[in-house]
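Quick notes on the structure that follows.
The values are calculated or read from the model by the stated rules, or taken from the named source; none is laboratory data. What you see is a predicted model; the values in this text were computed from it and never measured. Quick reminder, even Gly has a Cβ in these numbers, built from the backbone with ideal geometry, and neighbours come from all protein chains shown. Remember, those area values only see protein heavy atoms, side chains included, never the ligands or the DNA or RNA. Shrake-Rupley method; radii C 1.70, N 1.55, O 1.52, S 1.80 Å.
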Amino acid sequence: MKDPAWPIAALLVGYPVWWALGFGGLSVVVMAVPMAVILWRRRPIRLPRGAGLWVLLLAGYLVSGLALAEAPPGTYGGLGPGRLIGYGMRFALYASLFVVVLYLGNLTKQELSQLRLVRMLGVLFVWTVAGGLLGVLFPKFAYTSPVEYVLPGWIADNSFVQNLIHPTAAQTQKVLGYGLPRPEAPFEWANAWGSNLSILLVWFVVGWWVYGGRHRKAAAVVLICLAAVPVVYSLNRGLWIGLGLAALYLVVRVGGRTRLTVCAIAAAAALAFALSPLAALVIQRLDNPHSNDIRAFTVSATIEAAAHSPVIGFGNTRNATGNHRTITTGKTDWCAGCGHPPLGSDGQLWLLLITQGVTGAVLYVAFFAGAVRRHWRDRSPVGLAGVLVMLLVLFYMFVYDGLVTPLSLYLISFALLWRNTT
């Protein structure tokens, strides 16, 4: 009999293959099809608490499509194929992830144990570290994927689609005032890499350290040390803060000898880092906070635009008129990266405000905050780790766009918490 957990294994363990083919974050949409078929054959289907909130989020997204043609003040562009593609892909992702949650929650522990699922996420952490090192060592690595070859140009050239289907090792950005590569492989954006690494690190520690033998623990130490290199070179302050909050969470939530161990490891890691060459790069990043101006502009512009459709939003993001420096900006021969910045690109909360209004934002927060409330008393390793991830989701919504792969890991972590109560 075929292993009923094969779709999730193909999605997580085989993720580098999806990325190499050009599916990347869209792999969850592909794998949701066999998951839905399996679920349909296994009726009746159990639902987790909080499922109604996600269903309402989906319904609200459909309603928000009524405003796709609207152009709020301060935005640029009209209704076209790009806007429709983005709207359709986001809905497909939201729906597919709901299928993934139901699929995982309806598999028995004999069919897919919690530890096996956690270790699948641990394998993806290993791929993430490898991708980060690729971005540091070979930042110009990129190629045209098979998916890119077969898609018509009017779809493949869409900027949102291009990030998903075109494998690249790093994004080169002038965060420090000069071009510097920020690792992103095997994901779609540098910020997605940072968010995903922090979430996967949580599950990697559970699967390879907490439930690991001597050899797994030794390998875990080596891999985490290797991960420090792309973590620093990512210049990702959101990731750095998230890791700090995770350490603080553990100190508060665990007690006795475990707390002393966590503090000792954190102190040793901090000392080793301070004495390494990587510390200078972090100091440079903190001394160059110019991205704050960009974020402040897009967030304020998003809130102003969303105020014109506060209940249902506008179905998809919009491009701001100008940027934080001028209202007359656009792509040129000497600045291909210039242009009108998309609203909602600096955090899932802001994306929800522009796409689904306050209603969508409230439903999203309630979904993950509800998981924290329900599972707070679960002090098992999976329970502690799952609640930590839910808290990181609520923090990251201010600084990271959850689409595409981060949201997948958020929902899989939610499913792990749900399975822990059955």
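Observations
- Only residues that are hydrophobic (A, V, I, L, M, F, W, C) and surrounded by 24 or more Cβ atoms within 10 Å (Cβ to Cβ) were counted across segment 207-234, and they come to 2.
- Yes/no for ASP378 being outside any helix (DSSP H, G or I), among the charged types (D, E, K, R), under 23 Å from LEU56 (Cβ atoms) and in contact with a helix residue (DSSP H, G or I) (Cβ under 9 Å, 6 or more places away or on another chain): no
- Pick from segment 312-360, criterion at pLDDT below 55 and of a type in the set (D, E, K, R), ranking: nearest to TYR87 (Cα to Cα): LYS331
So that you can scan it fast, the table gives a plain yes or no per residue for (1) in contact with a Leu (Cβ under 7 Å, 6 or more places away or on another chain); (2) closer than 21 Å to LEU137 by Cα:
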| site | (1), (2) |
| --- | --- |
| GLY153 | no, no |
| GLU184 | no, yes |
| GLU188 | yes, yes |
| TRP203 | yes, no |
| GLY213 | no, no |
| ILE224 | no, yes |
| VAL232 | yes, yes |
| ALA246 | yes, no |
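- Qualifying positions in segment 389-404 - open to solvent by 10 Å² or more (accessible area, probe 1.4 Å) and part of a helix (DSSP H, G or I): LEU391, LEU394, PHE395
- GLU184 falls short on exactly one of the conditions (1) over 30 Å from LEU416 (Cβ atoms); (2) in contact with a strand residue (DSSP E or B) (Cβ under 8 Å, 6 or more places away or on another chain); (3) among the acidic types (Asp, Glu), and that condition is (1).
- Scope segment 364-374; condition surrounded by fewer than 21 Cβ atoms within 10 Å (Cβ to Cβ) and touching a helix residue (DSSP H, G or I) at 6+ places or on another chain (Cβ under 6 Å); matching residues: ALA366, VAL372
- Identity of the residue in segment 121-154, of a type in the set (Val, Ile, Thr) and surrounded by 14 or more Cβ atoms within 10 Å (Cβ to Cβ), that ends up farthest from the chain's Cα centre (by Cα): VAL147
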